[in-house]
Structure formats: C-alpha cells, structure tokens
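Colleague: Pasting in a structure now, in structure tokens, and then I'll have a few things to ask.
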Amino acid sequence: MGHVFYKSSDCPVCPLCEKGKAIGVFGDMSAPVRRAMENNNIKTLKQLAKRTEKEVLSFHGVGPSAIPKFKDKLKKEGLSFVASK
C-alpha cells in the first residue's frame, strides 16, 4: 500500500506518483498544468472547451505559454475555448 520517497525540497509532489499522471489528454503538458486541470475537474478537451481562455489562465499552474498548446489540442478535435463573456 503506497510507497515511501525521500523529500529533498519543499515540493509536496512525489516524483513517482507524478510520472504516472503523465498520461491522458494533458499528459504531454507540464506537471503544474496537469495538476491545474485535475484540480478544476477538467479531464477531457470537451470539458476544457466549456471554459474561456481567461478562466483557464486564472487556474494556479497555468501560464500564457499553455494557451497555444491548449488551442492546438482543441483545434485538432474541432473545438475551441468559449468566447469571453
């Protein structure tokens, strides 16, 4: 049950557990972006497409460099962010 890892910094994330999360639709994104999606219950591109760019940028862990990557992913599926309100 579980595992033990040596914590050598203030980062609370286990590298083994984080490595296992690098799958799925956001698997190629940075760990902070993956955690931001997880923390906001966004698991699919359809769920992401229900948000505005501004809203996604407000998520802790998502910076401006993530938006073009999201747009590419959405475009490949025929989706886009919701227009700003």
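The values are calculated or read from the model by the stated rules, or taken from the named source; none is laboratory data. Keep in mind it's a predicted model, so treat the numbers as computed, not measured. With ideal geometry, Cβ positions are generated from the backbone for all residues, glycine too; neighbour counts draw on all protein chains shown. Accessible surface areas use protein heavy atoms only, side chains included; no ligands, DNA or RNA. Shrake-Rupley method; radii C 1.70, N 1.55, O 1.52, S 1.80 Å.
Colleague: Quick one: in segment 38-57, which of the residues that are of a type in the set (V, I, T) and touching a Lys or Arg at 6+ places or on another chain (Cβ under 9 Å) is farthest from V25 (Cα to Cα)?
Modeller: For segment 38-57, the residue satisfying everything is T52.
Colleague: Suppose the filter is closer than 30 Å to S84 by Cβ and at pLDDT 90 or above; does G63 pass it?
Modeller: So G63 passes the test.
Colleague: State all residues of segment 36-49 that are loosely packed, with under 13 Cβ neighbours inside 10 Å and charged (D, E, K, R); if no residue qualifies, say none.
Modeller: Scanning segment 36-49 gives a single hit, K46.
Colleague: Under 7 Å by Cβ, and 6 or more places apart or on different chains, what pairs join a residue from segment 66-85 that is over 10 Å from L45 (Cα atoms) with one that is open to solvent by 70 Å² or more (accessible area, probe 1.4 Å) and of a type outside the set (A, V, I, L, M)?
Modeller: Matching pairs, first to second residue: V82/K50; S84/K54.
Colleague: Which of the residues that make up segment 39-78 are of a type in the set (D, E, K, R) and either assigned to a helix (DSSP H, G or I) or within 12 Å of the chain's Cα centre (by Cα) (or both)?
Modeller: Result: K43, K46, E53, K54, E55, K69, K71, D72, K73, K75, K76.
Colleague: Give the residue that is most open to solvent (accessible area, probe 1.4 Å), with candidates limited to residues of segment 58-82 that are of a type outside the set (K, R) and farther than 14 Å from M29 by Cβ.
Modeller: H60
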